[in-house]
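Rule-based calculations on the coordinates, nothing more; no lab input. Bear in mind that the values here come from a model prediction, so they are computed numbers and not experimental data. Virtual Cβ from ideal backbone geometry, glycine too; neighbours counted across all protein chains shown.
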Number of protein chains: 2
Amino acid sequence: MRIHIQNPPGESLFPVTRAQWDAALARCPALGAPDVSFADDDAGFAAAIGEAEVLLTWTKVVRARFVDGGAAAMAPRLKVIACTSAGLDRLAPFDWLPEGVLLLNNRGTHSAKAGEFALMALLMLATHMPRFATAQRAERWAPRFASLLAGRTVCVVGLGSLGGAAARQARAFGMQVIGIRSSATPHPDCDEVHATEALDQVLPRAEFLLLACPLTPATRGLLDRRRIGLLPPGAKLVNMARGAVWDQDAVCDALQAGALDGAVTDVAVPEPLPPGHRLWSTPGLVVVPHVSSDDPATYNDRTLDILFHNLLELRAGRPAPNRVEPSRGY
Amino acid sequence: MRIHIQNPPGESLFPVTRAQWDAALARCPALGAPDVSFADDDAGFAAAIGEAEVLLTWTKVVRARFVDGGAAAMAPRLKVIACTSAGLDRLAPFDWLPEGVLLLNNRGTHSAKAGEFALMALLMLATHMPRFATAQRAERWAPRFASLLAGRTVCVVGLGSLGGAAARQARAFGMQVIGIRSSATPHPDCDEVHATEALDQVLPRAEFLLLACPLTPATRGLLDRRRIGLLPPGAKLVNMARGAVWDQDAVCDALQAGALDGAVTDVAVPEPLPPGHRLWSTPGLVVVPHVSSDDPATYNDRTLDILFHNLLELRAGRPAPNRVEPSRGY
């Protein structure tokens, strides 16, 4: 098997290194010793892609080379494109994906870090930290007291790697966890799970609402102005999904009016958020620059472990656990 | 036994009510049925204090009526003054305390809430949230990535109700916990405990330093400029103790210079912090208006339970667990 790893040029924090590769192979002796090549430039890509059967790379590289650049024609042997991101919405629609090539995402790499981030955001919201941050900007000492997380209700939308980790942490702190996902299948860390169609019935109970679903045609604009109006007074929001999953302007309006108590968002439209954008200065809104779920200390180790696990499953004739289904978008 | 409860005038969130009293008595049948009176004004205080054996009230009431107002002369039968605060530094020195009157603090009421606050602050610091807050004020998108809490070292100064709860949460997230207290007695939630004299030797290992000690003559200015210089580069601070336990200006200087990565403080000198004070605008510093450890949903229930437990211990001839030792200041 011939695997090519294309790091983005100038990637200083997260490039996959040969040392990481060697360590991952040592953890997975069953994989044998595939041929591997590394590159971060055009020449290296061109030299390797013609023979590569598996390409491990960044979403933005796939976007530039395949979606916009037609690299499929250069890659006659390619069987698998593995992306280092979990959410591949920037590659949709998937009509650029060559016939017979499997697209894998990186679901699973992010869960430990995402769980800590989710818990932090829930604790910050329970403590009114977003309102204190607004008061600090105005140099205003404005105490508001707050109770524990225990016994309070959080609705987690999306129960994949991120949402599942969030549910687990919330549950450990005694919260009542309502999960929302495409089907109402039970989840071990949720007290209840409902299908997306039942969201409207759940929202009036959601003092905390945490978005952790993939961005797909079905979830774009999911938390719109009407649904924000269904939340209880003083509700608190976390967005770890994508900025387009909620109506940003409606969220800002509700925070401004005090209908929502606070929000912590790791995502925005657009990213990077430009100076002067309304999100920066909306009262009760904490903006985090898309770092919630990426732990540099473990990211590439987990990424390679997940890739190798998928390759072994494929070799055994089983479905790849991280396969992206183009028709549903995740 | 005759107990008087003096609520501060205009207290809307935390006044002790007769319903709370009745519920607490029902939880503690061994106490019997003491006479109780409630007041929030001068007339009510004057009418009750002459007969009262136990006074339950706020630190600021004790300050106004006893320290500054000489109420001891009006209270010939008084045996116990129980304060609803844990830290009674605002009553020091304790030379106003009448001979034979026991002073009780409210240690224990705050632990669950304080533990959640401490964990939130550690997670915020690990995630660089104070720096993101500074960047948000400047409308600047500036990602920095971060790892989990697991395996990182926190030094907790003070292992009472707050520090003990902080240590427990940090430990549960896999942190290495070094405790500092007056003596080096082991603590179940610390990997190591050292006496205050060993602080200088511990600081170079303290990526996270959490202050949760009482303010006494021994701890005033404990974290001074010299000791801040002993911390590792990029260290992160939490202050849940009192603003005077650290050198505020030295902390601000180190944050400004980037020697410290961030700080979350629930306390300040003075409180309330006035507009224009340097703390508000120091980069990497999150100011919280002294709310870290007070849960209005449970505060008075816990306060009464702790008072009743102390009264039963005294009745049995044992020392009161919440007794403040005037000579050490807590």
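Some notes on this structure:
- Cα pair distances exceeding 17 angstrom across the stretch A:34-158, given as percent: 68
- Leading residue at positive end of dipole, chain A (Cβ point charges), from A:S147, A:V177, A:L199: A:S147
- The C-alpha radius of gyration of the stretch A:92-210, expressed as a fraction of 2.2 N^0.38 Å, stands at 1.31.
- Paramagnetic reach from B:K79 (point 7 Å along Cα→Cβ, amide N under 19 Å) across the stretch B:8-47: B:25, B:28-37
- Overall Cα dimensions of the stretch B:111-287 - principal axes, largest extent first, Å: 47, 35, 30
- Restricting the calculation to alpha carbons of the stretch B:1-92 gives Rg and Dmax of 13.0, 37 angstrom.
- Every Cα-Cα pair in chain B was counted, and those over 25 Å apart are 54% of them.
- Rg/Rh for the stretch A:85-132, where both radii come from Cα atoms and Rh is the Kirkwood radius: 1.26
- Kirkwood's formula applied to the C-alpha pairs of the protein assembly as shown gives a hydrodynamic radius of 27.3 angstrom.
- Ratio of Rg to Rh over the stretch A:185-330 (Cα coordinates, Kirkwood Rh, two decimals): 1.03
- According to the Kirkwood relation over distinct C-alpha pairs, the hydrodynamic radius of the stretch A:140-216 is 12.8 Å.
- GNM flexibility winner over chain A from A:R77, A:R318, A:R90 (Cα, springs under 10 Å): A:R318
- The order of A:V67, B:V269, going from fewest to most other C-beta atoms within 10 Å of their C-beta, is B:V269, A:V67.
- Rounded to the nearest 20 debye, the dipole size of the protein assembly as shown about its Cα centre is 260 debye, using +1 on the Cβ of Lys and Arg and -1 on the Cβ of Asp and Glu.
- Magnitude of the charge dipole, the stretch B:111-287, Cβ model with Lys/Arg +1 and Asp/Glu -1, debye to 20: 220
- For the stretch B:111-287, averaging the sequence separation of C-alpha pairs within contact (under 8 Å, six or more residues apart) and dividing by the residue count gives a relative contact order of 21 percent.
- Taking B:D22, B:D89, B:D253 and counting other C-beta atoms within 10 Å, the order from fewest to most: B:D22, B:D253, B:D89
- Within the stretch B:58-98, the proportion of C-alpha pairs whose separation exceeds 14 Å stands at 42%.
- About its Cα centre, chain A has a charge dipole of approximately 580 debye under the convention of +1 per Lys or Arg Cβ and -1 per Asp or Glu Cβ, with nothing else charged.
- Between B:R318 and B:A172, the modelled labels are 2.7 nm apart [label points 7 Å from Cα along Cα→Cβ].
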